[in-house]
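A.B. asks: One structure follows; several queries about it will come next.
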Amino acid sequence: MAEKRVLLIASGGGHTGYCRALAERFSEYKKDYSFKLDAVIPCQDKWSKKLLEDYVDNIFCIKKLRQPYERYYKMLCNFPIALIQSIKRIKEYDYVIASGSNHSILPAIIAKVKKNHAKILAIESHDRFVTRGKTVSLLAKTIAIPILHWEEQKRLYKKGIVVGPIVKKRKYRIEDKGYILVIGGFEGDKELYDNLVKTPLTNVVLQTGRLNPEHYKKLRPDWIVFDFDPDIDKWIAGARIVVGHTSVTLLEAAVTYKKPIVIYWNPEWSSAATFQDIVLFSKKVNAKVLVDPDPETILDTINKVKPPPDIKGNGAKNLIELILESKI
């Protein structure tokens, strides 16, 4: 069987989370299949690099058109650089897996131009039930096959392929060490954290993302506070409850580690998913939704959490087998 060349477009944050789950699983098939696995990440994204470097053959970077906190004109400024980098760095691949975000667009298009028979696969977000992600929708209308986590997402993409939730393997034994884990992903959320520190909660582990953890360490020296840990699984495995945005990490907390979760809804992030999307996702994982992050509401919501359902299916494994067996 000819060697397959596969490219993961790990576009940062939760998008990289999907690619990490896939890269982990790909490593299990090295003995039985011949393939080469590369990854492209946003330039200067050290966290994406750290998450993938042990699992792929090569990593290279392409500039992200726009960060979530930047204005849209930045896309025009960054487009020429990203285009030139894509042309120079993207090679010929048999399969390209785009994880979403504007960063995925140019590498996917250039890969298709360089090899017309390349299969472009675009992963829709696990929390999209009513609205489509802009990048995945664009790619699906032109060159890509949508990859979906849930059957309900077929309403958005009739030609999409449902593989199941794309999550990492369980790394640690599930325990309840009593602490509440609050995860901010790559960006963090100042409003949530500023209210959280006002609660009487003492047994808290807080991951701040890009926000300076030292500020919260000073306010709550009784908490464990850090900006990022590539081994976040160890914290999830021991948590009593996990609180955060509808990130891939929160999905993994519910699906992989069976933890009760609280989803924090920040309307400023509505471009990622609407409130209706979030509510429908919360029903899939039996989560509570936190809308008003005042200290009293935070406590009340945490006290009402319930265990998630036993969700079957392994999206990462299923997708990789479809690729390596040329069934997609």
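The values are calculated or read from the model by the stated rules, or taken from the named source; none is laboratory data. Computed from a predicted structure; not experimentally measured. FYI the Cβ positions are ideal-geometry reconstructions off the backbone, even for glycines, and counts take in every protein chain you see.
A.B. asks: From (1) out of contact with any Pro (no Cβ under 6 Å at 6 or more places or on another chain); (2) under 30 Å from I302 (Cα atoms); (3) not assigned by TED's automatic domain parsing to the domain that holds Y264, pick out the condition that doesn't hold for Q207.
C.D. replies: With respect to (1) out of contact with any Pro (no Cβ under 6 Å at 6 or more places or on another chain); (2) under 30 Å from I302 (Cα atoms); (3) not assigned by TED's automatic domain parsing to the domain that holds Y264, Q207 is out only on (3).
A.B. asks: Related question: Output the residues belonging to segment 137-153 that are in a helix (DSSP H, G or I) and within 18 Å of N318 (Cβ to Cβ).
C.D. replies: Within segment 137-153, E151, E152, Q153 meet the criteria.
A.B. asks: Let me ask something else. Which condition does E151 not pass, out of (1) surrounded by fewer than 22 Cβ atoms within 10 Å (Cβ to Cβ); (2) not assigned by TED's automatic domain parsing to the domain that holds D127, if it passes all the others?
C.D. replies: (2)
A.B. asks: Can you name the condition, by its number, that D38 falls short on among (1) touching a Phe, Trp or Tyr at 6+ places or on another chain (Cβ under 8 Å); (2) under 19 Å from I323 (Cβ atoms); (3) charged (D, E, K, R); (4) modelled with pLDDT under 95?
C.D. replies: (4)
A.B. asks: Give the residues of segment 21-50 that are buried (at least 24 other Cβ atoms within 10 Å of the Cβ) and part of a helix (DSSP H, G or I), sorted by residue number.
C.D. replies: A21, L22, A23, S48 - these are the residues of segment 21-50 that are buried (at least 24 other Cβ atoms within 10 Å of the Cβ) and part of a helix (DSSP H, G or I).
A.B. asks: Which residues, taken from segment 175-194, are in contact (Cβ under 8 Å) with a residue 40 or more places away in the chain and surrounded by fewer than 17 Cβ atoms within 10 Å (Cβ to Cβ)?
C.D. replies: The answer is E175, D176, K177, G178, E191.
A.B. asks: Checking Q276 against (1) more than 20 Å from H149 (Cβ to Cβ); (2) touching a residue at least 60 places away in the same chain (Cβ under 8 Å); (3) exposed (fewer than 15 other Cβ atoms within 10 Å of the Cβ); (4) not β-branched (V, I, T), which test does it fail?
C.D. replies: (1)
A.B. asks: When both residues are 6+ apart or on different chains and their Cβ atoms are under 8 Å apart, which pairs have a first residue that lies in segment 136-160 and is on the phi > 0 side of the Ramachandran plot, and a second that is in a loop (DSSP other than H, G, I, E, B) and surrounded by 14 or more Cβ atoms within 10 Å (Cβ to Cβ)?
C.D. replies: No pair meets every condition.
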